[in-house]
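The values are calculated or read from the model by the stated rules, or taken from the named source; none is laboratory data. Bear in mind the structure is a predicted one, so any value in this text is a computation, not a measurement. Here the Cβ positions follow ideal geometry from the backbone for every residue, glycine too, while neighbour counts run over all protein chains shown.
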Amino acid sequence: MDDTADTDRDTYIGDSASADVCRAVGGRVRELRVGLGMTMARFAEEASISLGMLSKIEHAQTAPSLNTLVNLARAANVPVTALFRGLDEEHDLVLTRADEGNEIIHEGSSPTRVYRDLGSLRGPHRHIEAVMITLADDGQQFPLYQHEGIEFLHVIEGSMEYGYGSSTYKLHPGDTMQIHGEVAHGPVAMLQTPVRFLSIKVYPAVDG
């Protein structure tokens with residue numbers, strides 16, 4: 001057996017990111033091996049590494065080198081990238097706790113009109129924009145908005161008249177609306193303040 005890979009020095013797991021990668025790769029290697037119905041000894045032989053090295057990899061106790069990853073992928077008959085499947089999914093998550101989120105400053109923002117961004121997933125394009133909006137009646141006119149995609153509204157507290165095109169709708173706690181963003185829309189009047197509602201914009205898919 002060729003144990004060249006076992007002598008690699010790239011085995012130090014020094015931070016949480018490295019540990020996460022090792023866990024993802026180890027779990028994926030074990031999943032592929034079991035799916036092929038191979039024992040650890042047989043799979044290690046096919047990958048030209050020792051049984052001890054395979055055990056360390058599957059238990060996330062070592063960071064395999066590129067050479068070892070290539071051997072593992074060859075033994076499993078998958079591309080090297082398949083060994084990392086699941087890693088991004090485990091981290092592609094946005095958790096915003098109650099009373100957290102970044103305040104958005106734009107047209108209409110004021111101490112009595114607070115727009116709080118609830119976060120978004122990583123990527124070059126934003127597909128969903130979730131904002132918690134809190135409004136008080138300050139006697140000033142509210143601006144109307146237009147944007148691409150669809151918007152979903154859910155009233156949590158208070159009551160208001162909401163404009164959509166040439167029509168207005170009274171919204172109370174628990175009410176929801178789904179609207180086309182291209183049509184001018186926005187709060188028209190406060191009926192019971194403060195008004196707090198969730199706005200979720202879903203933008204069209206962007207090619208590339």
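Filter segment 6-19 for residues that are part of a helix (DSSP H, G or I), under 35 Å from the mean Cα position of the chain (by Cα) and under 13 Å from PRO64 (Cα atoms); which is modelled with the highest pLDDT? By that ranking, first place goes to ALA19. Being under 20 Å from ALA19 (Cα atoms) and of a type in the set (Lys, Arg) is the filter here; which residues of segment 35-79 pass it? Hit for segment 35-79 is LYS56, nothing else.
Matching residues to (1) modelled with pLDDT of 90 or more; (2) within 29 Å of the chain's Cα centre (by Cα):
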{"residue": "MET53", "(1), (2)": "yes, no"}
{"residue": "VAL80", "(1), (2)": "yes, yes"}
{"residue": "HIS91", "(1), (2)": "no, yes"}
{"residue": "LEU95", "(1), (2)": "no, yes"}
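To keep it simple, each residue is scored yes or no on (1) of a type outside the set (Ser, Thr, Tyr); (2) in contact (Cβ under 8 Å) with a residue 24 or more places away in the chain; (3) not assigned by TED's automatic domain parsing to the domain that holds PRO111.
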{"position": "PHE142", "(1), (2), (3)": "yes, yes, no"}
{"position": "TYR145", "(1), (2), (3)": "no, yes, no"}
{"position": "ILE156", "(1), (2), (3)": "yes, yes, no"}
{"position": "GLY174", "(1), (2), (3)": "yes, no, no"}
{"position": "MET177", "(1), (2), (3)": "yes, yes, no"}
{"position": "THR193", "(1), (2), (3)": "no, yes, no"}
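Could you tell me whether ALA76 is touching an Asp or Glu at 6+ places or on another chain (Cβ under 9 Å), in the same structural domain as ARG33 (by TED's automatic domain parsing) and either modelled with pLDDT of 90 or more or among the acidic types (Asp, Glu) (or both)? Judged against the criteria, ALA76 is a match.
Restricting TYR203, TYR169 to those that are more than 22 Å from ALA98 (Cα to Cα) and modelled with pLDDT of 95 or more reduces the list to TYR169.
Among the residues of segment 107-131, those identified as of a type outside the set (S, T, N, Q), modelled with pLDDT under 75 and closer than 19 Å to TYR145 by Cα are GLU107, GLY108. On inspection, GLY37 passes the criterion of being at pLDDT 90 or above, out of contact with any helix residue (DSSP H, G or I) (no Cβ under 9 Å at 6 or more places or on another chain) and more than 30 Å from VAL131 (Cα to Cα).
Taken over segment 158-172, the criterion of being over 21 Å from ASP117 (Cβ atoms), in contact (Cβ under 8 Å) with a residue 12 or more places away in the chain and of a type in the set (Ser, Thr, Tyr) is satisfied by SER159, TYR164, THR168.
Entry remark, segment 29-56: residues being within 15 Å of VAL80 (Cα to Cα) and either β-branched (Val, Ile, Thr) or crowded, with 22+ Cβ neighbours inside 10 Å (or both) number 3 in total. Among the conditions (1) part of a strand (DSSP E or B); (2) surrounded by 14 or more Cβ atoms within 10 Å (Cβ to Cβ), VAL183 misses just one, which is (1). In segment 137-168, the qualifying residues are those that are loosely packed, with under 15 Cβ neighbours inside 10 Å and farther than 22 Å from VAL183 by Cβ, and the one that is farthest from the chain's Cα centre (by Cα) is GLY139.
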